[in-house]
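Notes for the one structure printed next.
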Amino acid sequence: MKKGVQLVKRLSPSLSTIFNFNSATHSLPTTSPWWSAAQHRGVKVNAIHLRTGNVIEKSGRIYQIVESEHKQRGRGGALMQMELRDVDNGNKVSLRFGPEETVERVFVEEKSFTCLYTENSTAFLIEPETFDQLQVPLDLFGKSAAYLKEEMKVRLQLYDGRPLTAAVPKRVTCTIKETQTPMKGVSATPRYKKALLDNGLTVQVPPYLDTGEEIIINTEDDSYLGR
């Protein structure tokens, strides 16, 4: 119970309200046992229909597709060149498949979590319905990890209880921490200017925006959407 209480104390008042925590009625487990996910077996598909992020079974191993490329070999016909990551040990391998070759695609579970906080290279998450806690490496979020912040809703893909990928919302609100000031004497107004956000990222924004303003950013390509 002690560790659970310490975690609750780290939450903001708004988070405590969301989860309705109090020491008399709720307790967080000192360990975070994985839920028993009923994992469906796969479905047979042609290799040409596989996409990046899909999970497949090959020769008794479970792989996630990191990159897939359709290649033409001239008279030799086409093939699918794939870079795969072994779910069990993290090793990467390259395999080739014929476009019509049958591959077993494995279904994964997708769940929603709330970010409690990040520390060093780890994100601390909680499942809002069961209060199950989860620690995942920031690497699972890729470059979008910079947008993570307290109370943010994130999505995880899991296979057999193991997180494979993690994603932040496509649209997030950020605050401009610093931006370029218009240069006096310059008649032509630039279409965009650089702005440093509160998460440390630098993006392009319209010239009329100033320090302290909140703006909406597309996390997929770090582009300005509006305010």
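The values are calculated or read from the model by the stated rules, or taken from the named source; none is laboratory data. In this text, all values refer to a predicted model and were calculated from it rather than measured experimentally. Please note: Cβ atoms are built from the backbone with ideal geometry, for glycine as well, and neighbour counts cover all protein chains shown. For the accessible areas, the whole protein counts, side chains as well, though only heavy atoms, and no ligand, DNA or RNA atoms are used. Shrake-Rupley method; radii C 1.70, N 1.55, O 1.52, S 1.80 Å.
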- Message: Here is a check on your reading of the model: is Ala78 modelled with pLDDT of 90 or more and more than 30 Å from Leu134 (Cα to Cα)?
- Response: no
- Message: Return the residues of the stretch 84-116 that are surrounded by 16 or more Cβ atoms within 10 Å (Cβ to Cβ) and not hydrophobic (A, V, I, L, M, F, W, C); say none if nothing qualifies.
- Response: Arg85, Arg105, Glu109, Lys111, Thr114
- Item | Residue check, Arg191 modelled with pLDDT of 95 or more and either charged (D, E, K, R) or touching a Gly at 6+ places or on another chain (Cβ under 9 Å) (or both) | no
- Picking from Leu116, Leu164, Leu158, Leu138, which residue would you name as being at pLDDT 95 or above and either touching a strand residue (DSSP E or B) at 6+ places or on another chain (Cβ under 8 Å) or aliphatic (A, V, I, L, M) (or both)? Leu116
- Note on the structure: Counting only residues in the stretch 125-156 that are of a type in the set (D, E, K, R) and outside any strand (DSSP E or B), the one least open to solvent (accessible area, probe 1.4 Å) is identified as Glu127
- Message: Considering only residues that are in contact with a Lys or Arg (Cβ under 6 Å, 6 or more places away or on another chain), in a strand (DSSP E or B) and open to solvent by 50 Å² or more (accessible area, probe 1.4 Å), which ones fall in the stretch 193-227?
- Response: Leu196, Thr202
- Query: Given the conditions (1) over 10 Å from the mean Cα position of the chain (by Cα); (2) assigned to a strand (DSSP E or B), which single one is not true for Leu164?
  - Reply: (1)
- Can you tell me which residue among Thr165, Thr179, Thr122 is at negative phi, open to solvent by 40 Å² or more (accessible area, probe 1.4 Å) and among the β-branched types (Val, Ile, Thr)? Thr165
- Query: Does any residue of the stretch 48-57 turn out to be in contact with a Pro (Cβ under 8 Å, 6 or more places away or on another chain) and surrounded by 12 or more Cβ atoms within 10 Å (Cβ to Cβ)?
  - Reply: yes
